[in-house]
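First up is the structure itself, then whatever we jot down about it.
The values are calculated or read from the model by the stated rules, or taken from the named source; none is laboratory data. A quick note: this is a predicted structure, and the numbers were derived from the prediction, not measured. Every residue, glycine among them, receives a Cβ derived from its backbone with ideal geometry; neighbour counts consider all protein chains shown. Remember, those area values only see protein heavy atoms, side chains included, never the ligands or the DNA or RNA. Shrake-Rupley method; radii C 1.70, N 1.55, O 1.52, S 1.80 Å.
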Amino acid sequence: MSEPVRIARVRLRVLSLPLRNSFRTGSHAKDSIRHILVELEDADGVTGTGEVASEAAPYYGPETAETCWEVLSRHFVPVALATDWTHPRDLWDQLSRFRGNHFAKAGLDMAAWDLYARRLGLSLATALGAQRDRVPAGISIGVNSDPAGFARTLEAAAGRGYRRIKLKIGPGIAHSVARQARRIVPPGWPELGADGNATFHRDDLPELLGLDDFQLCMLEQPFGADDLTAHQQLAATASTPVCLDESLTTPRLAELAISMSACRQINIKISRTGGLTPALAMHDVAVSAGVPAWCGGMHEFGVGRAANIALAALPGFSLTGDISAPAERYDHDIIAEPFVVRDGYLAVPAGPGIGVTVDTAFVSSRAEREAEYTATGTVKTTRAAGNSSR
Ligand code: OSB
Ligand code: MG
């Protein structure tokens, strides 16, 4: 694309969707998911949509929907409206003057990639350099203190063809969770993995090493985000492959963790890294180091899921990631074309951009707050009547 793009209009909408079942990790529980949709429109009327997939409270990372709204509207949107760019990376470079706030950056960057691919008439996957037409489906399962309910969830996931099931674990419950799961899913297929979500301490090393008995395909981020050393120690002794999530906020940190042998595989998330642009760079780090990667998620609605699937179609994603159909979590998604798991795979959308259509009527009906920004400074903010949440 030679013609530079200039964004003429930006729309932000924040909306919550109730989860079909409450989701508990080693650190917290949630009943609904609140994400921001970022819509960019260029001078030719071409649009792109991205999703800010931060959590409601700063458990996973420091950002929330409120911090993202604030940083987007006050800092990032004005830059987006003032920058001419030919490739999404040019816009990301402008945003990189601002530190951190990766989830907020990711929503904007994803929208820029969608718009960029649509202008070229390419699918997002193709624009990213991907060639696969389907990706293996995997599902992440929350902590469930009711053994019968846990068993039913696992059986259902295996029955729907998921190729990998990820269990949430925490200190003190890791072995009982793995043991219960192994009774239902014997070693083989689907694969079983475990995610500690940074809730373990260095003293818990014996409990983590004991997980080797369960033949898990990976053990994800048991220790704190900054504790590469503890992961290095674990990886040196455990037979279960150690994977990093929360620690890998930038491609350079992935390089460092790999050079320290702190992990044998990496989880790449669009939100955590700050967008498709840095996620692509982290993918390239993994490929050049020969470390297998998989695509992680943040319970995205259909827009974010479509971007995850496009990214996961790249060759470095050689492992099954956390890519499940949004219908697993939500009764009503925000896109018109539902994703379905077929024979353990999800099809990579082939249409222009993210390849899905936002159900704007549904989104508007659910929006708690909407704002519109233009280069001339017009700002329209509306808040759903009778809605007290910010
Ligand atoms: O640690 O991978 C994680 C969801 C929210 C926050 C953190 C994580 C997760 C998941 C779910 O495990 C992955 C998904 O289905 O999107
Ligand atoms: Mg994780």
Ignoring ligands and nucleic acids, residue 116 exposes an accessible area, probe 1.4 Å, in Å² to the nearest 10, of 30
With a 1.4 angstrom probe the carbon and sulfur portion of accessible area for the range 203-320, in percent, totals 54
Can you give me the C-alpha center-to-center distance between the range 31-105 and the range 204-281, rounded to a whole angstrom? 26
Once the mean of 1/r over all distinct C-alpha pairs in the chain is inverted, the Kirkwood radius in Å reads 21.0
Taking the alpha-carbon distance from residue 166 and a cut-off under 19 Å, which lysines remain once sequence neighbours fewer than 8 residues away in the same chain are dropped? 30, 269
In the P(r) worked out for the range 11-128, what percent of Cα pairs fall beyond 22 Å? 37
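Kindly sort 164, 99, 132 by accessible area of their heavy atoms, largest first, with the probe set to 1.4 Å.
99, 132, 164
How large is the accessible surface per residue of the range 31-130, computed with a 1.4 Å probe and reported in Å² as a whole number? Write out the running numbers ahead of the final one.
Details: 3560 Å² over 100 residues.
Solvent-accessible surface per residue comes out at 36 Å².
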At a probe size of 1.4 Å, how large is the accessible area of residue 298, to the nearest 10 Å²? 20
Working with all protein chains in place, sort 295, 217 by solvent-accessible area computed with a 1.4 Å probe, largest first. 217, 295
For the range 264-390, the fraction of alpha-carbon pairs in successive 5 Å shells from zero, as %: 2, 10, 16, 17, 17, 15, 10, 7, 4, 1, 0
Cα-based Debye curve of the range 56-106 sampled at q = 0.23 Å⁻¹ gives log₁₀ I(q)/I(0) of -0.84
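Taking the highest mean first, how do the peptides 342-355, 18-31 order by number of other beta carbon atoms within 10 angstrom per residue? Don't jump to the answer; show the numbers that get you there.
Values: 342-355: 18.8, 18-31: 15.5.
Averaged packing, sorted descending, gives the order 342-355, 18-31.
Let me check against my output: what whole-number percent is the relative contact order of the chain, with C-alpha pairs under 8 Å and at least 6 apart? Working shown, then result.
Details: 889 pairs, mean separation 80.6, N = 390.
About 21 percent, as a whole number.
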Across the range 143-157, in residue order, what do the Karplus-derived ³J(HN,Hα) couplings come to in whole Hz, using 6.51 cos²θ - 1.76 cosθ + 1.60 with θ = phi - 60° and x for Gly and Pro? 5, 9, 6, 9, x, 5, x, 4, 4, 4, 4, 5, 4, 5, 5
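Roughly how many Å² is the accessible area per residue of the range 245-390, as a whole number, for a 1.4 Å probe?
Details: 5590 Å² over 146 residues.
Here the per-residue accessible area is 38 Å².
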